[in-house]
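Please read the structure below before turning to the comments.
The values are calculated or read from the model by the stated rules, or taken from the named source; none is laboratory data. Here the structure is a predicted model, which means the values were calculated and not measured. Cβ placement follows ideal geometry from the backbone for every residue including glycine, while neighbour counts extend to all protein chains displayed. Heads up: the accessible areas ignore ligands, DNA and RNA and are worked out on the full protein's heavy atoms, side chains in. Shrake-Rupley method; radii C 1.70, N 1.55, O 1.52, S 1.80 Å.
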Amino acid sequence: MSAAAGTSEVRQAHAVTLLGATGSIGANTLDVLARHPERYRLHGVAAHSRHEVMARICIAHRPEVAVMVDEAAADRLAASLRDAGCATRVEQGVEALEALGRDPGADTVVSAIVGAAALLPTLAAASSGKRLLLANKEALVMSGDLLIAAARASGALVMPVDSEHNAIFQSLPATSTGVSTEGVEKIILTASGGPFRTTSLEALRVVTVQQALAHPNWSMGPKISVDSATLMNKGLEVIEACRLFDLHVDDIEVVVHPQSLIHSMVRYVDGSVIAQLGRPDMRTPIAQALAWPERIDAGVAPLDFTDVSGLHFEKPDTERFPALRLAFEAQAAGGTMPAVLNAANEVAVDAFLAGDVAFLQLSRIVERTLASAKSAPASDLPTIIEADREARAIARRELATLE
Ligand code: NAD
Ligand code: MG
């Protein structure tokens, strides 16, 4: 954004709202923003309940407003900020969160809340013509075409932050409003394979939460780490790619690439393949999405190819990791089935993290929920929210019968 003042051009700083500030993407975003204080200032932050982390963020970055969804956490945050003499205004609850998504004080919103809780604030940002940096994938998976349609209608620019989708964005030809998929033969999503890439089906029966959280290449929040271990993350990303780039599920192929250096590729009808490479560091896609079509420093060390021992590729194994197949099937079925897939998975992952179900039961719960949920066209928000609610109820029942 630039504004004319008198005869000389004065460049104003972009005002950024960061939803999910206390998480892993939140921390990476704050790191990139802090490298460019002349270019970005923090307008708003939001998180669920980690008020101590939020207090540190507010004191360091001085946003105008901070929303804590948890009310007790909001009170504690307000008290800490008062003691520290920090003028950030504290608000609480889900309505304040949604209002922050559309708050005209920011021209850029980073959606980095985990799970379905991001749906309403992300939709609010998409409906208000902002630059929307989308890290959260669950809202997009749930929402059918609603989120992208809302962005189109308002003129919002949706910039993918998920590393694969950011790589695809970078590998497609740019237009004035985004990218074009003309001439694309296949989108090739790469997957690291997660911590259990070489673990046998037999051994997968007894893997622990701690093992599932130990991703070989990326440091991420617990939910996406478990999703990476089951390959549900890649399944959600297949649906995410369909929505972002207006593709059919058959246009997408998944290949396991354990080094996580190629973040995804586009194969064109003439046989050309364009890929984006880089270190597995989320600051790269965050910086690209913030500054596009310009480039800014992300604090990421250059990738030295003489250090790379090789690039390896293999087919994903949907027998050991059925979640990937389930996601392809849910997207092919269409309507509310991706929302059902997502909701059942969120219930299953919560139960796994709480130590209530075994690793292999995660996909079983999702599969059974998909089999018994009713499908409807995902044509409006109430239908999607109802499909999410019903799928959670079914998944909880399935959970109870597994014991
Ligand atoms: P995280 O668990 O580290 O952080 C989650 C954030 O969401 C926290 O700030 C938390 O307070 C907030 N939150 C959780 N529940 C909430 C609720 N009910 N209401 C409001 N806020 C809530 O997660 P993360 O790893 O940063 O991932 C965030 C999103 O980005 C996910 O959707 C994930 O799939 C996506 N993503 C993450 C990475 C990564 O490297 N971490 C990469 C690609 C995509
Ligand atoms: Mg990803």
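Checked against the criterion of being more than 11 Å from the chain's Cα centre (by Cα) and farther than 16 Å from Gly23 by Cα, the candidates Ala139, Ala99 yield just one match: Ala99. It is to be established whether one or more residues within region 306-321 are small (Gly, Ala, Ser), in a helix (DSSP H, G or I) and surrounded by fewer than 21 Cβ atoms within 10 Å (Cβ to Cβ). No, every residue in region 306-321 fails to be small (Gly, Ala, Ser), in a helix (DSSP H, G or I) and surrounded by fewer than 21 Cβ atoms within 10 Å (Cβ to Cβ).
Within region 195-223, if we keep just the residues that are under 19 Å from Asp350 (Cβ atoms) and part of a helix (DSSP H, G or I), the residue that is most open to solvent (accessible area, probe 1.4 Å) turns out to be Gln210. Of all the numbered requirements in (1) more than 16 Å from ligand 2 (Cβ to nearest atom); (2) open to solvent by 10 Å² or more (accessible area, probe 1.4 Å); (3) part of a loop (DSSP other than H, G, I, E, B), Val114 misses one, and that requirement is (1).
When every residue of region 332-354 is checked against the conditions, none turns out to be part of a helix (DSSP H, G or I), open to solvent by 40 Å² or more (accessible area, probe 1.4 Å), at pLDDT below 95 and of a type outside the set (A, V, I, L, M).
Residue check: Leu204 meets all listed conditions (1) touching a residue at least 40 places away in the same chain (Cβ under 8 Å); (2) of a type in the set (A, V, I, L, M); (3) on the phi < 0 side of the Ramachandran plot; (4) within 16 Å of ligand 1 (Cβ to nearest atom) but one, namely (4).
Here Pro222 meets the list (1) more than 13 Å from ligand 2 (Cβ to nearest atom); (2) free of Cβ contacts under 8 Å to residues at least 24 places away in the same chain almost entirely, failing just condition (2).
Which members of region 150-171 meet the condition of being more than 16 Å from ligand 1 (Cβ to nearest atom) and open to solvent by less than 10 Å² (accessible area, probe 1.4 Å)? Within region 150-171, Ala151, Ser171 qualify.
Out of all the residues in region 245-253, is one or more at pLDDT 95 or above, within 16 Å of ligand 1 (Cβ to nearest atom) and not aromatic (Phe, Trp, Tyr)? Checked against the condition, which is being at pLDDT 95 or above, within 16 Å of ligand 1 (Cβ to nearest atom) and not aromatic (Phe, Trp, Tyr), region 245-253 yields no hits at all. When the residues of region 361-403 are filtered to those that are within 23 Å of the chain's Cα centre (by Cα), part of a helix (DSSP H, G or I) and small (Gly, Ala, Ser), the one that is surrounded by the most Cβ atoms within 10 Å (Cβ to Cβ) is Ala391. State whether the residues of region 231-249 include one that is without any contact (Cβ under 8 Å) to a residue 24 or more places away in the chain, touching a helix residue (DSSP H, G or I) at 6+ places or on another chain (Cβ under 9 Å) and open to solvent by 40 Å² or more (accessible area, probe 1.4 Å). Looking through region 231-249, at least one residue is without any contact (Cβ under 8 Å) to a residue 24 or more places away in the chain, touching a helix residue (DSSP H, G or I) at 6+ places or on another chain (Cβ under 9 Å) and open to solvent by 40 Å² or more (accessible area, probe 1.4 Å). Within region 153-172, being of a type outside the set (A, V, I, L, M, F, W, C) and touching a strand residue (DSSP E or B) at 6+ places or on another chain (Cβ under 9 Å) holds for Pro160, Asp162, Ser163, Glu164, His165, Asn166, Gln170, Ser171. Scanning region 118-142 for residues being polar (S, T, N, Q) and crowded, with 24+ Cβ neighbours inside 10 Å gives a total of 2.
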